[in-house]
Amino acid sequence: MSGAALGLEIVFVFFLALFLLHRYGDFKKQHRLVIIATLLAWYLCFLIVFILPLDVSTTIYNRCKLAVNSSPAESNGSYVTLAPSKQKCFKPWSYIPDGIMPIFWRVVYWTSQFLTWILLPFMQSYARSGGFSITGKIKTALIENAIYYGTYLLIFGAFLIYVAVNPNFNLQWNQLQTIGIAAANTWGLFLLVLLLGYGLVEIPRSHWNGAKRGYLLMKTYFKAAKLMTEKADAEENLEDIMEEVRKVSESIKYNHPLRKCVDTILKKCPTEYQERMGRNMDDYEDFDERQNSYPSEKSLAKLHKQVIYSVQRHRRTQVQWQILLEQAFYLEDVAKNESSATRQFVHTFHSQEPENKIIQYFYTPTVEWYWECLLRPWFYRVLAVVLATFSVIVVWSECTFFSTRPVLSLFAVFIQLAEKTYNYIYIEMACFLTIFFLSICVYSTVFRIRVFNYYYLASHHQTDAYSLLFSGMLFCRLTPPLCLNFLGLTHMDATISHKNTQPTAYTSIMGSMRVLSFIADGFYIYYPMLVVILCIATYFSLGTRCLNLLGFQQFMGDSEMTSDLIDEGKELIRREKRKRQRQEEGENRRREWKERYGNRDDSTRSRAVHTDQKESSFSETNASRPLSKYTRSNGRTERDRIELLQDAEPLDFNADSVNDDPLELDSGR
């Protein structure tokens, strides 16, 4: 089993990252380089989280070997060996051979840092650029990132000057590398505590509120009102952009040098707009550069960028509106079925997507009723209590992990108790649950936050390339300080435990933070305590209240604006529900008519076809007859028309207009 656990987790994490990226990204429409870069960033970050418990168990086993094979007299001072154990050290099932983990961490860490600080920012600007060629997009990306990279160089130069001026430091490559790692981890830890403070409170509270049917339904109505406003704004913005595209397309003719740029813009427009513009365009009219003023290539690039953004936003709001409608209809069905005496779940509308037959076989209407109306609320309440307990333990440990005598961090107590008995399975499970919960609190906040329309991760393949790349940057910057914070909570970091024991392979790659004492002994220890203040602020919804005061509508139960939006959303859902009911009733009537009269219509249609065949064969056999036959038939048809005209009653009769002269009457006709 040596190294098998590492290989299994590498494969599992890859498919996990691929699944999440498929949920948020669009493999068919987005550029392959964007998909590959985002997948690599997510994969490396998730991999660090899953592999770190194996590093901890391997380190504890190596310490056990040193304690058994060494005597106190043989200690050379580099490691303080523990008292020899009475039991023999058993190798863990997930043991990773020496030399593998340092290389693995070095490759993963520096690849993620290259992605987050160099490649992904450049690809962000490249993806948002409206250029029409690769060279133009690269040029735009370099110009936009000049200030970005210059700021980083300025910060790194400040650290470098500080170390050079201080006489206690001798500049070496390892120390210089540690300074760069410290600068990156400091920025990441600053953002990590902010996101962690929000997630520790919001995740348990969201699960607790998930057990309240009325709360979820009211919040869905609130979202519907907000989304309808955004949807209308997106449609209006798209109409304005398409009008500009139409004017540009009509002004720049087929033989203009910039016509290729216009064609590229038209390809990004929706199909109905392309057809409309294609009908109104006259490609045979030559352009005259002296008479007309034409837009420049720079303005066309700006228009191209606006088209991409407006089309993507319009498509996203349309998809989100349909998903929100399905969610609202389902929550209303749950509220109706709670008082059902038959205990069978009845849906108002049938699912538009075909369901799996296996799921239909096991997830019957009776099972669905018991789960949705009886078991699910209690399950969410129990889960919320468990998550709240974890949050309290995390907050306590964040405030006390620097204390080594006595050990107050509960995570460190659990690991040290398991280390005494060398229970590696318990150690790995405890480490995995701890770092997994921390990761969920941080990463879920990254998926939830929305910075206007600048950054927004939308599910069902509706996330744009810029937001995907930005999320990859955040993950790569947050994961290393998250892992260091976890090692500090469990006292596996020598900087926190103040012991000269063998460090983990991950800590050895990070280097000793003693190079910058004010960061190692100050910022890394006392800044995480700020999570207490952030948790209190999140519990009382201070951020939500501030945004509501600034004019950004947020869901608050005691707000008049929230009540108005709930009523508006309820009316919108009711209107859409009536519309869908009319559609289904029309489809049912057409289906019943087809089932009842389908055979009769088919027989009538077959008789009509048979009669037409007879008439066609009769006309073919009489094709060689004289022309008088046709004249007679034509005369009969004309006579039938005259009779119909004679039967028709005149609209306006005037007796003075009657003339007795038949010639004049015929001429008048």
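The values are calculated or read from the model by the stated rules, or taken from the named source; none is laboratory data. This is a predicted model, so every value here is computed, not measured. Methodologically, a virtual Cβ is constructed for each residue, glycine included, from the backbone with ideal geometry; neighbour enumeration extends over all protein chains shown. Keep in mind that these areas ignore ligands, DNA and RNA; they rest on the heavy atoms of the full protein, side chains included. Shrake-Rupley method; radii C 1.70, N 1.55, O 1.52, S 1.80 Å.
Could you order 259, 246, 106, 32 by accessible surface area, starting with the largest, using a probe radius of 1.4 Å?
So, going from the largest accessible area down, we get 32, 106, 246, 259.
Work out from phi, with θ = phi - 60° and the Karplus expression 6.51 cos²θ - 1.76 cosθ + 1.60, the ³J(HN,Hα) of each residue of segment 236-241, listed in order in whole Hz, and give x for Gly and Pro.
Rounded to whole hertz, the list is 5, 5, 5, 4, 5, 5.
Could you work out the percent of alpha carbon pairs in segment 390-448 separated by over 17 Å, rounded to a whole number?
46
For residue 103, what accessible area in Å² do you get when you roll a 1.4 Å probe over the heavy atoms of the protein chains, rounding to the nearest 10?
The accessible area of residue 103 comes to roughly 100 Å².
Ordered by packing density, taken as the mean number of other Cβ atoms within 10 Å over each peptide's residues, highest first, how do 313-320, 559-566 rank?
313-320, 559-566
Compare the Cα positions of 347, 385, 366 along the charge dipole of segment 331-406 (+1 at Cβ of Lys, Arg; -1 at Cβ of Asp, Glu; about the Cα centre) and return the one farthest towards the positive end.
Selected residue: 385.
Strictly over 28 Å apart at the Cα level, which of 336/594; 29/212; 29/577; 231/577; 219/268 would you flag in this model?
336/594; 29/212; 29/577; 219/268
Once R0 is set to 35 Å, what does the formula 1/(1 + (r/R0)^6) return for the Cβ-Cβ distance between residue 347 and residue 453, expressed as a FRET efficiency to the nearest 0.05?
Values: r = 34 Å, r/R0 = 0.98.
Efficiency, rounded to the nearest 0.05: 0.55.
Taking the Cα centre of segment 407-545 as the origin and placing charges on Cβ (Lys, Arg +1; Asp, Glu -1), which of 453, 528, 436 is farthest toward the positive end of the dipole?
453
Please list, in chain and number order, the residues 5+ apart from residue 459 or on another chain whose amide H is under 5 Å from its amide H, with Hs placed from the backbone.
Excluding prolines and chain starts, which carry no amide H, there are no hits.
Distances over 24 Å make up what percent of all Cα-Cα pairs in segment 362-474?
It works out to 55 percent of all Cα pairs.
Go through segment 94-108 residue by residue and turn each phi into a ³J(HN,Hα) via Karplus (6.51, -1.76, 1.60, θ = phi - 60°); whole Hz please, and just put x for glycine and proline.
After applying 6.51 cos²θ - 1.76 cosθ + 1.60, I find 9, 5, 10, x, 5, x, 7, 5, x, 5, 4, 5, 5, 5, 5 Hz.
Taking a probe of 1.4 angstrom, what is the accessible area of residue 594 in Å², to the nearest 10?
150
Express in Å², to the nearest 10, the accessible area of residue 148 obtained by rolling a 1.4 Å probe over the protein heavy atoms while all chains stay in place.
60
In nm, what is the difference between 0.36 nm times the number of residues separating residue 460 and residue 536 and their Cα-Cα distance?
So the extension gain works out to 24.0 nm.
List the residues whose amide H sits under 5 Å from the amide H of residue 253, counting only those 5 or more places along or on another chain, with H placed 1.01 Å from N in the peptide plane.
Residues meeting the criterion, in which the H sits 1.01 Å from N, do not exist here.
Extending each Cα 7 Å along its Cβ direction at residue 29 and residue 544, get the distance between those two points in nm, one decimal.
My value for the distance between the label points is 3.2 nm.
If you average the C-alpha positions of segment 430-476 and of segment 352-399 separately, how far apart do those two centres end up, in angstrom?
22
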